[in-house]
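Written below as structure tokens is the structure these notes are about.
The values are calculated or read from the model by the stated rules, or taken from the named source; none is laboratory data. Please read all numbers here as calculations on a predicted model, not as lab measurements. Ligands, DNA and RNA are stripped out before the accessible areas are found, and what is left, the full protein with its side chains, is counted by its heavy atoms. Shrake-Rupley method; radii C 1.70, N 1.55, O 1.52, S 1.80 Å.
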Amino acid sequence: MSGRDSGLEEAETASGFSDLSDSEFLQIEEPEAGDSEKPSCSLGPPTESEGGDVAKGNVLETAKRKRSHVPLEIFHLRYLSVTDISAQVWCEQQMVYRRERPDLTPPENIVLLNTGKSIHLARELEDHDLVTVSTTSREDSWAIKVLNLLGMLSVLQEGHRVREFPVFGVLENIFVVGVIDQLGYTPKGELELNELKTRNNASMPSAAQKKRDRFQVFLYKYLFDAMVRGCLTPDSFLQRLHLRPEQPLGPHVQDQARKSGFTVSHFRDLLDLLSLNLTHCEIPAIDRLQIEYVHQDSGAALGTEVLAYDQDEVGAAVRYFLAYWKGQRDSRGVDVEDAWKCRYCAYAGICEWRMGKAGSPAEQWKKPK
Ligand code: SF4
């Protein structure tokens, strides 16, 4: 159906790229710096390296050494996206190479990415029009995201479906953003999250891909539930994203806010409004999680997975994955049982993790790409 050769299709599936359809790829990325405050809502007790005083004489030296090994700083990131963290489930080292060596990203992956984006956009347009708003500052850009969130909260509160719902939160001291494909209520009144995954192959994904998708959806639920419990404070935005509360909002942003029924002049006004809405909204936690797999070319439904949420699982995984971003451990490639992924990986030729395993008795590591 797709006209692609079967070898290529197998490679795309094995690289985890055949369902690159996340709404988050529609969002803007921007550069960043670090932060130091405790999270307002936590997935669990702080990890060893988060707490504890260091003897003063060693503070500067330790900080200097740590800074140079903190990927968040190396990649100039103020925040991570849910898809960044989910990519670590497939192969953390591959995610790192994708950032370090975009020149090695196969062009067919970019085509798949763009097709996925178009399908998400088409679904979004079924529910509402897109409006372009001119922005003049970083605060303006974030104000637009907050306005989107405020608008969708009221639609959800009225019992209707929303698409491309933004979620924000602080995990392990790191600001994390995501976009939930769809939220709506089942006939029984349960709040249901539906994640759309478009696939190049007309088949359900492998177990390894499902594992990554499942983690992604768990993370959305964690962030959403914390938001509607009132855990997202104005300070979460201001301190972690280094935004200026007293920054006047641009005229187009103020105009857009007015059309949405809000009178705001400074960024802080909007954050206070969001905090108030989240604290007093009566939106429940997400009850039901499902992933819908759709064939990119034909639009045919391939299947639906309903997931049983496991907070302990997501908590442990988040602590482990974010430890890499904070420079608390080195990046890792795949374990031996997943060495088959390397055969289809665009970075196999430069991957130090794989090369380091080449002397391993396991035959999988030795096979060329
Ligand atoms: S070659 Fe293997 S270990 Fe290295 S980045 Fe690719 S999948 Fe990961």
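If each residue of separation counts as 0.36 nm, what is the full-extension length gain between Val131 and Arg99 once their alpha-carbon separation is subtracted?
Additional length available on full extension: 8.5 nm.
How much accessible surface does Leu243 have with a 1.4 Å probe, in Å² rounded to 10?
Here the residue's solvent-accessible area equals roughly 10 Å².
Using a 1.4 angstrom probe with every protein chain in place, what is the largest-first accessible-area order of Asp335, Asp103?
Asp103, Asp335
Solvent-accessible area of Lys341, probe 1.4 Å, all protein chains present, reported in Å² to the nearest ten, please.
10
Can you work out D for segment 219-369 in µm² s⁻¹ from Stokes-Einstein, where Rh is the Kirkwood radius over C-alpha pairs, the temperature is 20 °C and the viscosity is 1.002 mPa s?
Reported coefficient: 104 µm²/s.
Past 30 Å, Cα to Cα, is the threshold; run Lys188/Lys259; Lys197/Lys341; Lys188/Lys341 against it and keep the listed order.
Lys188/Lys259; Lys188/Lys341
Which value, in Å² and to the nearest 10, is the accessible area of Met95 when all protein chains are kept and the probe is 1.4 Å?
Roughly 10 Å² of Met95 is accessible to a 1.4 Å probe.
Quick check on segment 285-344: take the gyration tensor over C-alpha atoms, sort the square-rooted eigenvalues as a ≥ b ≥ c, and tell me if it's rounded (a/c under 1.5), prolate or oblate.
oblate
So between Glu246 and His76, what do we pick up on full extension, going 0.36 nm a residue minus the alpha carbon distance?
Additional length available on full extension: 58.8 nm.
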